[in-house]
Each structure stands twice: as C-alpha cells, then as structure tokens.
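Here's the structure, in structure tokens; my notes come after.
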Amino acid sequence: MALTSGLGGQLSIDLGALARNWRALDKVSAGALTAAVVKADAYGTGIEQASKALHAAGARFFFVATPDEGMAVRAAVPDAHIFILYGLYPGAANLYIRQNLMPVLSSMSMLEEWMAKCIERNEAYPAAFHFDTGINRLGFRLNEASLVRESIEKLGYAPQMVMSHLACADTPNHEKNRTQLALFGSVMSQFPGIPASLANSAGLMTGRDYHFQMVRPGIALFGGRAVGGRKNPMQPVVTLHVPILQVTEGRTGESVGYGATYTLNRNSKLAILGYGYADGFLRSLSGTNPRPGGKVFIRGKHCPVIGRISMDLTVVDVTELGSDLPTPGEGAEVLGVNVSVDDQADAAGTIGYEILTSLKGRYSRNYVGDGNIPE
Ligand SMILES: *Cc1c(COP(=O)(O)O)cnc(C)c1O
C-alpha cells in the first residue's frame, strides 16, 4: 500500500538506532539474556527489517504474538529462537514444530495438546509456560501451578522457560510490581532450575530483581518511553515527514475544518498537510479552541494542529513562523527528534505504542543504517 515513488511523505526507520537501543538495554540487563519483542510488525517499524537488525546487534530470542508473525521472523532470521505469545492455536502444533516456533503455553488445554504432540512424536518440543500473576489476561492461574508441574513431571518434560507479565511496570513505585514479583517467585519455586522471565521494557528499567534469566523489551527498542515521569533514555527510531500541500490564509472569526470546531482568533497563515487519520494521524490530535491538539515541526518551530484532522488532510497554524513560511512540497515533521512518539501520544491522550502501531500511511518508507554497529 505504501507508495514507492518517493513523492509525498517519508517514513524513515533508523535501524542503527534500533540496534543501539538493543545494545543499551542489553548492558542494563547484563547477566540476563535480552530478547526482542517484535510483535505487531515490530511496533509498526517492519518485522523483517527490525528482526534482522536486532539479530545483527546480538539478539537471538524473539517474541511475537501470532504464529504468522513467528514465521515472518523465521524467514528473516533463520537461527532465531522464537516464542509465540498467543500460545498454541488449536490444531497448529505441526506448523509450530515445522517452523521451530515455541508456543508460550497459557492454559491446560494448550498444555495438553502440546504434550500429546510430544508423546505422539516422542520428542520434547520446547515451549514456555506463562503464569498470570495479577494482570488477568493470558496465563495459567496461580492455583494451576502444581497441576502443571505434575502433568509434565510424569512425562519427564521441562519447559524452556517460565514467564509472567507485569501490569504496572510503567509506574516503578506501584505496589503491584512487588506483589507480582513475590507471586512469580512462588510460581518459580515449583519449577526449580527452569529459566524465568518477567520484565518488559519498563520492568527491565525497574531493577535487577525483575530481570531473572531473560528480559523482554519491546517499546524501548523502538524509542518509546517505557517508564513515566523520567527522561526517556532511548534513541528515536522513527522519523516521519509529511508534505505541505498548500500554504494559505484565514481571517479572524473564520472556522477551520469539518464541524467548524476551531475558530481563528487572529488573521492566520495555515499550512495544509497531505496527511490525515487514514495515514495514522489519530483524530484525537485534532485541536479545538479550548483544547490544543498535536503539533508538527516546520522550519524550526512547533506548529499546532487546528480543527479536525480529516481522512487525508490536516491544517496547522504557521502564523508564528512570520515571514519564514514553508513552501509547497516541503516536509513537516510529525514524528522524530523534534516531536517524539510520546509527545504525540500525550497530545492524543494515548501511549507511544498506539502511535507506533498506527504507522500505516500513504508515504514511502526507507530504512537507514543497519544492525552492524560498532561494539
Ligand atoms: C508486548 C509484551 C512485551 C513487551 O512489552 P513492552 O512494554 O513493549 O516492552 C513483553 N512481554 C509480553 C508478554 C508482551 O505481551
């Protein structure tokens, strides 16, 4: 769907920054293995390119949500160890085995099906076990731990890893982190000697207690803010410039956009961007008079979105640029060093994850750098 003419918007994905982010996290988690979570098309950056760059940087363990994503990583990185967070799809065990994908088993029915396949083929195919320690999503319940242990013990099977997932890691002082850590400890005591994994990006940044044998960062690799209330130490990976189609004028008292939700309170210069919600510019970044919306960066200044974002077009107020107005064809930075993913997320009332995974627009995509960065 992306246009390849090079006309129009340009999404640039810095694989060198991605690789440096992985290395930086790998230093923080020294002593534990640092995996890479590349679900949802590697947080919108491209699962194939991102996986290759992460592998070149040193990553060997990859987490994805679906078996299809797992196959995409397998094709890009033949020697990867790949975990499927959705677990085992009913009837899909043969596919997982053929593709050498490890399900993250989270229910007794998944476990039974995987064990049945191991018995049928007389081979202990690797899998991880996921226990729910308080987020109430996927996972064996805590009271199933002994049942799980007994059912594998009698087969002489050992999981590759036992994992859980934190609900409040983005808030390091949240008491739920300690609670989940303690509950995870009690689960692990039932699986002595088995590698354990608890931390996502934020958990990794929260401290050693959370690292165990493997950490599973996603968002931080892609430059997003994992932990609130402190400076984000990661490098931006994504830069998006969209084209300015027209620069025009509006007069005091006139309205802008559908629904006339914004009224100009001065004679204004307006830049019309070839970029809208169909390209992933969330409509919640629209600006009304009482509530400012998103900002874009043009000629060295942040310029506010005014009026509703429409499907293909967005209007920004460039009056503050004075006589230094942009010309048609020039790019406006929507994401990058001057407008971070999290700036845009905060303005939209969402999280960087949603901004990144909404990158799907009518712009061309280029990859700069690669994972082969100096140590
Ligand atoms: C998505 C996901 C991660 C990565 O989380 P980030 O917050 O992006 O670092 C880790 N573990 C599980 C189980 C996940 O679903």
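The values are calculated or read from the model by the stated rules, or taken from the named source; none is laboratory data. Everything numeric in this text was worked out from a predicted model, so none of it was measured. Here the Cβ is made from the backbone with ideal geometry for all residues, glycine too, and neighbour counts use every protein chain on show. Ligands, DNA and RNA are excluded from the accessible area calculation, which covers all protein heavy atoms including side chains. Shrake-Rupley method; radii C 1.70, N 1.55, O 1.52, S 1.80 Å.
Of the numbered criteria (1) surrounded by fewer than 20 Cβ atoms within 10 Å (Cβ to Cβ); (2) not assigned by TED's automatic domain parsing to the domain that holds P328, the one P290 fails is (2). With respect to the conditions (1) of a type in the set (V, I, T); (2) open to solvent by 50 Å² or more (accessible area, probe 1.4 Å); (3) within 16 Å of the ligand (Cβ to nearest atom), V215 lacks only one, and its number is (2). Residues in region 313-331 that are exposed (fewer than 12 other Cβ atoms within 10 Å of the Cβ) and within 19 Å of L11 (Cβ to Cβ): G329 alone.
For region 264-375, give me every one of the strands (runs of 3 or more DSSP E) that falls completely inside it and has 1 or more residues that are without any contact (Cβ under 8 Å) to a residue 24 or more places away in the chain and either touching a strand residue (DSSP E or B) at 6+ places or on another chain (Cβ under 6 Å) or hydroxyl-bearing (S, T, Y) (or both).
Where strands (runs of 3 or more DSSP E) fall fully within region 264-375 and carry at least 1 residues being without any contact (Cβ under 8 Å) to a residue 24 or more places away in the chain and either touching a strand residue (DSSP E or B) at 6+ places or on another chain (Cβ under 6 Å) or hydroxyl-bearing (S, T, Y) (or both), they are 301-304.
Taking strands (runs of 3 or more DSSP E) as the structural unit, those lying wholly within region 1-99 and holding at least 2 residues that are in contact with a Pro (Cβ under 9 Å, 6 or more places away or on another chain) correspond to 9-14, 81-84. Among the residues of region 39-93, those identified as within 13 Å of the ligand (Cβ to nearest atom) and among the hydroxyl-bearing types (S, T, Y) are Y43, T45, T66, Y86. For L335, indicate whether it is touching a Leu at 6+ places or on another chain (Cβ under 8 Å) and over 27 Å from M234 (Cβ atoms). No, not satisfied.
From the list R230, R216, the one residue that fits, being among the charged types (D, E, K, R), in contact with a strand residue (DSSP E or B) (Cβ under 7 Å, 6 or more places away or on another chain) and within 30 Å of I13 (Cα to Cα), is R216.
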